[in-house]
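Reviewing the structure listed below.
Only the coordinates and a few stated rules stand behind these numbers; no lab work does. Because the structure is predicted, anything quoted here is derived from the model rather than measured. Positions of Cβ are generated from backbone atoms using ideal geometry, with glycine treated the same way; all protein chains shown enter the neighbour counts.
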Amino acid sequence: MNHRNCAFTFAIIAGLTGFGVLAQAQAPNPPLTVKKVKNNIYFVEGGGGNSGVIIGQNGVIVIDTKTTAAAGKGIVDAVAKLTNKPITTVILTHSDADHVNGLVSFPKGVTIIADQNDRKEMEAALAAGARGAPPSEFLPNKIVTEARENDTIDGVKLTLIHVAPAHTSGDLAIYLPDEKLVFSGDLIGGNDPLIHRQKNGTSEGWIEFVSALVQLDANTYVLGHADPETRAPVEAHLKHAEEKRAKIAAMVKDGKSLEEIKAAFGETVQPGANAPRFPSFTETTYQELTKK
């Protein structure tokens, strides 16, 4: 199956706009915290999704750039405290506002790497006048088009991986083989996977993608919104999602409604003030399987 030909419709643009505005409205720019992972590799908490910092031979690679200009500047300032080497490269794990909007504070002319569908999603947000993407001069300028692309940046060996639409249509994982480490963005974390249907994410693709990540020779996974994990919790997360998706598929085959399926999993939250911010894995998987 060719997973890379996704349709970008008005629904996607509307979704990008809504989620981008919501993410920015909820981001008060708390202080950033830099934590060392190993050797010259760090992750930065606060101000949006976690960002990665890799100090190479002659420059610095940053992975994801937070929600706002102020938070993006916080990363630039944090890097300056770690090293006098310049930021040469930014790699984006996906197009969500809390991972890309801080780009406006990065040096102009920096290399910005992203999956081809990530760029399309950012372009759609800009075309809609949304706040879910940085200005056009900060759109990705080095595009990943293959399932796996090996590269060496500032002396750092890495593999850029896009298996299938998962959290979004343009997810990109970064594997550092020498360090046995993966930056997974928002692919991993939480009890259930978060699937953005409005960005053509799929539970089927998520399982395929994360299955590929656990097959890597890696012992550290740097997540988008939590502390790094070892392989075992990631494998458990994958197994849970596989089993839940199989149960949902079986109930769909038996003609169960969405409400019946949610009740079977004890999901009784109703729309209102305490409703989840995003549709649940049960809801998005049901929509995916029933084409609704």
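Which percentage, to the nearest 5, of the DSSP beta bridges contained in the range 10-290 is antiparallel?
Details: 26 of 40 bridges.
Of those bridges, close to 65 percent are antiparallel.
What the phi angles of the range 187-198 give under the Karplus curve with 6.51, -1.76 and 1.60, with θ = phi - 60°, is a coupling list of 5, 10, x, x, 6, 10, x, 9, 10, 8, 5, 5 Hz, glycine and proline written as x.
Summing +1 for each Lys or Arg and -1 for each Asp or Glu, what net charge is found among the other residues whose Cβ lies under 11 Å from the Cβ of Glu288? Walk me through the numbers before you get to the answer.
Details: positive: Arg197, Arg245, Lys291, Lys292; negative: Glu204, Glu283.
Value of the local net charge: +2.
Measuring how big the range 176-292 is from its alpha-carbon positions, Rg and Dmax come out at 15.4, 49 Å. Look at the alpha carbon pairs under 8 Å that are at least 6 residues apart: their mean separation over the length of the chain gives a relative contact order of 14 percent.
Within 10 Å of each residue's Cβ, count the other Cβ atoms and sort Met251, Met122 from fewest upward. If you can, show how the numbers build up before the last one.
Details: Met251 19, Met122 28.
Fewest to most other Cβ atoms nearby, the residues stand as Met251, Met122.
Phi angles across the range 141-154 convert, under the Karplus curve 6.51 cos²θ - 1.76 cosθ + 1.60 with θ = phi - 60°, into 3J(HN,Hα) values of 10, 9, 9, 8, 10, 9, 5, 9, 10, 8, 8, 10, 10, 6 Hz, Gly and Pro given as x. With K and R counted +1 and D and E -1, the other residues having a Cβ less than 12 Å from that of Ile41 yield a net charge of +2. When the Gaussian network model of the chain links Cα atoms closer than 10 Å, the mean-square fluctuations of Glu146, Glu243, Glu45 top out at Glu243. Computing Rg/Rh (Cα atoms, Kirkwood Rh) for the structure here picks out one of (1) 0.99; (2) 0.96; (3) 1.06, namely (2).
Distant-in-sequence amide contacts of Thr68, defined by a placed amide H-H separation under 5 Å and a gap of 5 or more residues or a different chain, comprise Gly102.
Electrostatic bookkeeping for Pro228 treats Lys and Arg as +1 and Asp and Glu as -1; over the other residues with beta carbon under 10 Å from its beta carbon, the sum is 0.
Evaluating 6.51 cos²θ - 1.76 cosθ + 1.60 at θ = phi - 60° for every residue in the range 72-81, the Karplus couplings come out as x, 5, x, 5, 4, 5, 5, 4, 4, 7 Hz, glycine and proline recorded as x. Neighbour counts of C-beta atoms inside 10 Å place His240, His196 in the sequence His240, His196, starting with the fewest.
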